[in-house]
Ligand SMILES: *Cc1c(COP(=O)(O)O)cnc(C)c1O
């Protein structure tokens, strides 16, 4: 059976992986080496130097590419290093149209780093394609979508943006971090590049910082592999091993994240102190139908606001939580809570953030894989 023929669960455990040729070790060894012996100059076994090529990293790249139904995969030292590699495909004067409620670190890199090198960014709502299409001109080269978005869980129609990208010969990049490859495969919907912060659901144990790009086009692969080697933002073999170990249970974890997420979303929606729950699984979510069509589940990420919208009420809730830990990040086995207005979105002026739904009382949850009764009991006592 080829990697392509396997179901997701089987790929997660086997795709791209072989017992070690030297010893038969079942688990991919951590090739903690910078260089490789050459019997004669230029004669080697495919490995010369670990920035260019490393067996542990190669195994991870093949495995993760298979999970995105991609021909090619490239791993980077962080999610933001993978974002940076995409931007280096462009030249001064090129323009990028991006969703306006994207990950804050991507926004910071676009506006504070790449804008200084002549790239021009436009940020717009992407609930429909019209606003983005109106911004396209002869300099436009790339569309940047992120779905679901953070922290208000908006859904962007990847299929519709892929058609727009094809029509205008643009590269469509989809940040698939929140969904994970288990819930959504943007290349199958027409995206050119899938970007991941492996740090989150893919590695899944809050112990690795890593990024990934998955793609099908051979020329794009050549260009991005050149950037990966020339810029050098590569992950180390130990981190690649940890990511591979995490991936083996990605499907099991995502199933539980989805189950627990749905139960908590419904619990919160029925709680008298809760004003609004942002979760794409509700029929009342403005893009529920798109989410249902392009995702295999709704995941474990959600946000909710409190009646009265008081900052001190949100602080009281997050400080009383015992199982949910107050922390940045998401996608690990443990449940986390965050307060976007003072944590991830603190640098955005109040009037601007409130326009996108990031109000004073908004609390974001990354629902983990603990027992659902304990998670609900924790929220109940914190909201009491
Ligand atoms: C965390 C995150 C990133 C950045 O990834 P790092 O691994 O932290 O560099 C990019 N996009 C999204 C949606 C994220 O959640």
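The values are calculated or read from the model by the stated rules, or taken from the named source; none is laboratory data. If you're wondering where the values come from, they're calculated on a predicted model, not measured in any experiment. Positions of Cβ are backbone-derived with ideal geometry, glycine not excepted, and every protein chain shown enters the neighbour counts.
Figures for the structure shown
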quantity	calculated
From the options 356, 344, residue that is within 16 Å of the ligand (Cβ to nearest atom), in contact with a strand residue (DSSP E or B) (Cβ under 8 Å, 6 or more places away or on another chain) and in contact (Cβ under 8 Å) with a residue 60 or more places away in the chain	344
Flag for residue 226 being within 14 Å of the ligand (Cβ to nearest atom) and under 24 Å from residue 84 (Cβ atoms)	no
Wholly enclosed strands (runs of 3 or more DSSP E) of region 270-384 bearing at least 1 residues closer than 26 Å to residue 158 by Cα	274-278, 301-306, 363-366
Single unsatisfied condition, residue 13 versus (1) in contact (Cβ under 8 Å) with a residue 60 or more places away in the chain; (2) in contact with a strand residue (DSSP E or B) (Cβ under 6 Å, 6 or more places away or on another chain); (3) assigned to a helix (DSSP H, G or I)	(2)
Those residues of region 8-23 which are over 22 Å from the mean Cα position of the chain (by Cα) and buried (at least 19 other Cβ atoms within 10 Å of the Cβ), in sequence order	17
Hey, residue 104 surrounded by fewer than 20 Cβ atoms within 10 Å (Cβ to Cβ), within 16 Å of the ligand (Cβ to nearest atom) and within 17 Å of the chain's Cα centre (by Cα) or not	yes
Filter result (more than 10 Å from residue 97 (Cα to Cα) and surrounded by fewer than 17 Cβ atoms within 10 Å (Cβ to Cβ)) within region 115-124	115, 116, 117, 118
Some residue of region 256-264 being under 16 Å from residue 62 (Cα atoms), crowded, with 24+ Cβ neighbours inside 10 Å and either within 16 Å of the ligand (Cβ to nearest atom) or modelled with pLDDT of 95 or more (or both)	no
Filter pass, residue 274 being touching a strand residue (DSSP E or B) at 6+ places or on another chain (Cβ under 8 Å), in the same structural domain as residue 377 (by TED's automatic domain parsing), surrounded by 15 or more Cβ atoms within 10 Å (Cβ to Cβ) and touching a residue at least 60 places away in the same chain (Cβ under 8 Å)	yes
In region 40-51, the residues that are touching a residue at least 60 places away in the same chain (Cβ under 8 Å) and crowded, with 17+ Cβ neighbours inside 10 Å	50
Residues of region 107-122 that turn out to be closer than 22 Å to residue 156 by Cα, part of a helix (DSSP H, G or I) and more than 16 Å from the ligand (Cβ to nearest atom), as a count	0
Any chance residue 356 is within 21 Å of the chain's Cα centre (by Cα) and farther than 16 Å from residue 105 by Cβ	yes
Residues (under 23 Å from residue 168 (Cβ atoms) and crowded, with 24+ Cβ neighbours inside 10 Å) located in region 188-214	191, 193, 194, 195, 213, 214
Tabulated pairs, region 21-39, first farther than 19 Å from residue 57 by Cβ, second surrounded by 14 or more Cβ atoms within 10 Å (Cβ to Cβ), C-beta under 7 angstrom, 6+ apart or interchain	38/44
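Residue-by-condition table, conditions (1) within 16 Å of the ligand (Cβ to nearest atom); (2) under 20 Å from residue 238 (Cβ atoms); (3) in contact (Cβ under 8 Å) with a residue 12 or more places away in the chain:
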site	(1), (2), (3)
53	no, yes, no
63	no, yes, yes
72	no, no, yes
77	yes, yes, yes
92	no, no, yes
